[in-house]
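The values are calculated or read from the model by the stated rules, or taken from the named source; none is laboratory data. Just so it is clear, the structure is predicted and the values come from calculations on it, not from any experiment. FYI the Cβ positions are ideal-geometry reconstructions off the backbone, even for glycines, and counts take in every protein chain you see. Only protein heavy atoms, including side chains, enter the accessible area calculation; ligands, DNA and RNA are left aside. Shrake-Rupley method; radii C 1.70, N 1.55, O 1.52, S 1.80 Å.
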Amino acid sequence: MAKQRILRFPEGFLWGTASSSHQCEGGNTNNQWYRWEQQGRILTGESSGFANNWWVAAERDFELAEQMENNALRLSLEWSRIEPAEGHWDSAAIDRYRAMLSDLRRRYMTPVVTLHHFTDPLWFTDRGGFANEANISYFVRYAVYAVQALKDLCDFWITFNEPNVYATLGYVIGSYPPGEQNMMSAFQVTRNMVQAHVEAFYALRPTQPGGQIGCCLNYRLFDPANYLSPLDRSAAGLQETFYNWATLEAMETGRFIFPLNMMLEPIEHAAGTRDFHGVNYYTREMVRFDPSIPNELFGRRFVRSGAIRNDPGLDNYFGEIYPEGIYRILKTVYRRTRGNKPFYITENGFSDAEDNRRPRAILEHLAMIHRAISEGIPVRGYLHWTLVDNFEWNEGWSVRFGLVELDLLTQRRIPRSSASMFGEICRANAITEAIVERYAPEVAEAIFGTGAVIERQVPA
Ligand code: BGC
């Protein structure tokens, strides 16, 4: 029988996709993103509208995930549906989520549920959102309510998706609501979200003693434009410290790194409040020192020339497709957290409407994850962003991250070639030589160069 090279993943590895309520459900009109859309703040002038129509028919897309033999799916709950007005709980919303989670379980998919993915109910926004420390208890109360109502269907919870993105884009860059450009507010928001995570963790633990509770952070690579320039190196170091490590460090220890520790109160009992690390990774940027931009921490960010890139968006934050970055991030987070918990890749994806870079990019990123695993980093799952093209926040519908293409007008789903490739990987729990030969033969040597095992080929 023929032999082939193979990168096999650990038994029980979770394979699936990630998504969020506002980006997929449609008809969300009671959160701050809807208001932002109504104010004409989306770069394309679009709005989320019916989105992927998940509130009515998510099951149709779950079926696509099942066909790809995914064994997990990450989605988020829409707080503004569950608690539409302060202290008013909508049992019909819970019923709909119960139906969705039950459907996933029927298909043998593990639900991974995010409690907060960028959207806040309007009543919460109008009280100052996460900028106001007094509001933390609202989030904790909602988290307990939701977990209590759904815990028989799910035991895998993510409190927050990317507090670092929520704070940076909403309060420093201003491209997400509330559109502020105020570094101090961003620090305060980050602090309050970490505190909310810690409080939610302690409140949820007794609600569901066996549940897994984590939080996702977004990590980017910031590399100096010129490695020989100490100024470029410092500017890149500052960016990565603030973007990647300040929130992680606060989550791990409750303390803020210098000089934030001078302005922000430490968080008590933060250590040990995550059962796993959720890693969201997309891209890297190069950084050149520029004294004229103190707001950007003296670093001008740009995409390296010659880089393989995501689709050029209007003002998109996804430049270089840089597979090694996921390995470097896993290694660094592992070291910084002293290897204390397992990892899940809770997001990784590419905007590539034509799907001519995505298959190769998926293979290369997975090979890098495999390399990290073979070096002892406990990565337990990979959730690709995303299943079907969805509403990409400030970029509207212009950016296409789906394994499956969405025709917005007809709601027709058209699986991209990446979808069939991802299905083959999930089915095999491995990257096989046959898969690489079929979808991206040009990277076979890079993929199997190290760490590949030779196995007998099992007929498909
Ligand atoms: C967010 C997603 C978003 C994706 C692509 C992530 O940072 O969690 O909501 O769609 O990036 O932009």
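Residues in region 395-410 that are more than 9 Å from the ligand (Cβ to nearest atom) and either more than 13 Å from Glu46 (Cα to Cα) or open to solvent by 10 Å² or more (accessible area, probe 1.4 Å) (or both): Trp397, Ser398, Arg400, Gly402, Leu403, Val404, Glu405, Leu406, Asp407, Leu408, Leu409, Thr410. Under the condition of being within 14 Å of the ligand (Cβ to nearest atom) and part of a loop (DSSP other than H, G, I, E, B), which residue from region 155-176 is nearest to Glu37 (Cα to Cα)? Top of the filtered list is Tyr176.
Within region 14-34, the residues that satisfy the criterion of being more than 14 Å from the ligand (Cβ to nearest atom), farther than 19 Å from Ala85 by Cβ and in contact with a strand residue (DSSP E or B) (Cβ under 8 Å, 6 or more places away or on another chain) are Leu14, Trp15, Gly16. The listed residues are Ala58, Ala93, Ala65, and the only one of them that is out of contact with any helix residue (DSSP H, G or I) (no Cβ under 8 Å at 6 or more places or on another chain), buried (at least 18 other Cβ atoms within 10 Å of the Cβ) and aliphatic (A, V, I, L, M) turns out to be Ala65.
You will find that of Leu204, Leu231, Leu221, the residue that is farther than 30 Å from Asn30 by Cα and assigned to a helix (DSSP H, G or I) is Leu231 and no other.
Checked against the criteria, Phe343 does not count as touching a helix residue (DSSP H, G or I) at 6+ places or on another chain (Cβ under 6 Å) and closer than 19 Å to Trp15 by Cβ.
Among the candidates Pro291, Pro312, single out the residue that is assigned to a loop (DSSP other than H, G, I, E, B) and away from the ligand (no atom under 16 Å from the Cβ).
Going through Pro291, Pro312 in turn, just one is assigned to a loop (DSSP other than H, G, I, E, B) and away from the ligand (no atom under 16 Å from the Cβ): Pro291.
For Gly349, the test of being within 19 Å of Val279 (Cβ to Cβ) and within 15 Å of the chain's Cα centre (by Cα) is passed.
Somewhere in region 330-339, is a residue free of Cβ contacts under 8 Å to residues at least 60 places away in the same chain, over 20 Å from Gln239 (Cβ atoms) and either within 14 Å of the ligand (Cβ to nearest atom) or not in a loop (DSSP other than H, G, I, E, B) (or both)? Yes: region 330-339 contains one or more residues that are free of Cβ contacts under 8 Å to residues at least 60 places away in the same chain, over 20 Å from Gln239 (Cβ atoms) and either within 14 Å of the ligand (Cβ to nearest atom) or not in a loop (DSSP other than H, G, I, E, B) (or both). Among the residues here, Thr241 qualifies as within 19 Å of Arg336 (Cβ to Cβ), β-branched (Val, Ile, Thr), outside any loop (DSSP other than H, G, I, E, B) and open to solvent by 10 Å² or more (accessible area, probe 1.4 Å). Filtering Gly349, Gly325, Gly306, Gly299 for residues that are closer than 24 Å to Asp232 by Cβ, among the small types (Gly, Ala, Ser) and within 16 Å of the ligand (Cβ to nearest atom) leaves a single hit, Gly325.
Screening Ile425 against (1) open to solvent by less than 10 Å² (accessible area, probe 1.4 Å); (2) within 16 Å of the ligand (Cβ to nearest atom) leaves a single unmet condition, (2). Scanning region 257-276 for residues that are open to solvent by less than 60 Å² (accessible area, probe 1.4 Å) and part of a loop (DSSP other than H, G, I, E, B) gives Ile257, Pro259, Leu264, Ile267, Ala270, Gly272, Thr273, Arg274, Asp275.
For first residues located in region 384-410 and within 20 Å of Tyr166 (Cα to Cα) and of a type in the set (Phe, Trp, Tyr), partners that are at pLDDT below 95 and within 11 Å of the ligand (Cβ to nearest atom) and lie 6+ apart or on another chain with Cβ distances below 8 Å do not occur.
Selection of region 268-322 for residues being hydroxyl-bearing (Ser, Thr, Tyr), under 24 Å from Thr346 (Cα atoms) and modelled with pLDDT under 95 yields only Tyr317.
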